[in-house]
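What follows is calculated from the coordinates using simple rules that are stated; it is not laboratory data. For clarity, every value in this text was computed on a predicted model and none was experimentally measured. We place every Cβ from the backbone using ideal geometry, glycine too, and count neighbours over all the protein chains shown.
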Amino acid sequence: MENTSDTIEQASRSIADAAARRFAGSGGRRIMLGIAGAPGSGKSTLAEKVVELLGAEQSRAAALFPMDGYHYDDAVLTDMGRLAYKGAIDTFDAHGLRHMLLRLKANEDDVIAVPVFDRALEIARAGGRLIPQSVEIIVCEGNYLLASQTPWNLLKPIFDFTVFVDVDEDDLRSRLRERWRSFGLDEAEITRKVEENDLPNGLSIISTISEPDLRVKNPGRSQSAP
């Protein structure tokens, strides 16, 4: 396992370079990258940048696959008594995600439709994104891709390269509060969501992951390059 405290920009370039090298040595087989981290850690931004760089600088066909499309529906969570804890590890379809990752890795279909989470509506849209067979590298990002609990521990072996985005607790709290503020929530509801759900989930993710191939230290907003 390697560690880096580069900026997200520098880290994304290093990850894109590593992905391109792995594809070059794969004999044309599709490569799967997994980027994990706590909610608000910056993993989505990192994953998007890696996909962008793979196309722009490596001339590789890459696609983004967020795991958020495997949220259980609110109706299901209500029946489970877990709606208030949406985003916790037991509020996702781990088995469905695993089977989709295996299908994407096998790359036997001309095109695969994957679900995409619509955060504005708080629902997963089935068939929200199409990934054609021509895609060479898939960058999957999500909170629990490196979770060590069963059955999530079955995901890591599917990936050819794994990354975890570390972030300090204070910066994570600040990021989470800002995220919910952008959705127009009042401060009391933001505090409830962050302190009772998002932050405990994030700290649990950080403390229970399986070791990745690379750890990226998000330096925090106050230390980020301008």
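Some observations on this one:
- Sparse-neighbour loop sites [GluC sites (Glu not before Pro); region 1-86; at most 14 other C-beta within 10 Å; DSSP]: GLU57
- Here the scattering of region 16-117 is modelled by Debye summation over its C-alpha atoms, one equal scatterer each and no solvent; at q = 0.16 Å⁻¹ the log10 of I(q)/I(0) is -0.82.
- Student exercise, region 2-217 dipole from Lys, Arg, Asp, Glu Cβ charges, in Debye to nearest 20: 540
- When only alpha carbons are used to place a centre, region 1-67 and region 107-158 end up 15 Å from one another.
- 222 nm mean residue ellipticity, helices alone, for the chain (DSSP H n ≥ 4; -39,500 (n - 2.57); rounded to 500): -11000 deg cm²/dmol
- Annotation note: GluC sites (Glu not before Pro) in region 90-162 located in DSSP loop regions with a Cβ neighbour count of at most 10 within 10 Å are GLU108.
- Panel values: region 2-217, Kirkwood radius from alpha carbon pairs, Stokes-Einstein at 20 °C and 1.002 mPa s, translational diffusion coefficient 121 µm²/s.
- 25 Å tail of the calculated P(r), region 66-189, as % of Cα pairs: 32
- Across the options GLY202, PRO115, ALA63, the greatest Cα extent toward the positive end of the charge dipole of the chain (unit charges at beta carbon of Lys, Arg, Asp, Glu) belongs to ALA63.
- For ALA124, the residues whose modelled amide H falls within less than 5 Å of its own, excluding neighbours fewer than 5 places apart on the same chain, are ASP118.
- Among the chymotrypsin sites (Phe, Trp or Tyr not before Pro) within region 138-224, those in coil by DSSP and having at most 13 neighbouring Cβ atoms inside 10 Å are PHE183.
- Farthest towards the positive end of the charge dipole of the chain, among the residues THR78, GLY37, LEU155, is the Cα of LEU155, using unit charges on the Cβ of Lys, Arg, Asp and Glu.
- Pairwise Cα distances in region 77-140 exceed 14 Å for 66 percent of all pairs.
- Sorting 110-120, 37-47 by average packing, meaning the other beta carbons within 10 Å per residue, from highest down gives 37-47, 110-120.
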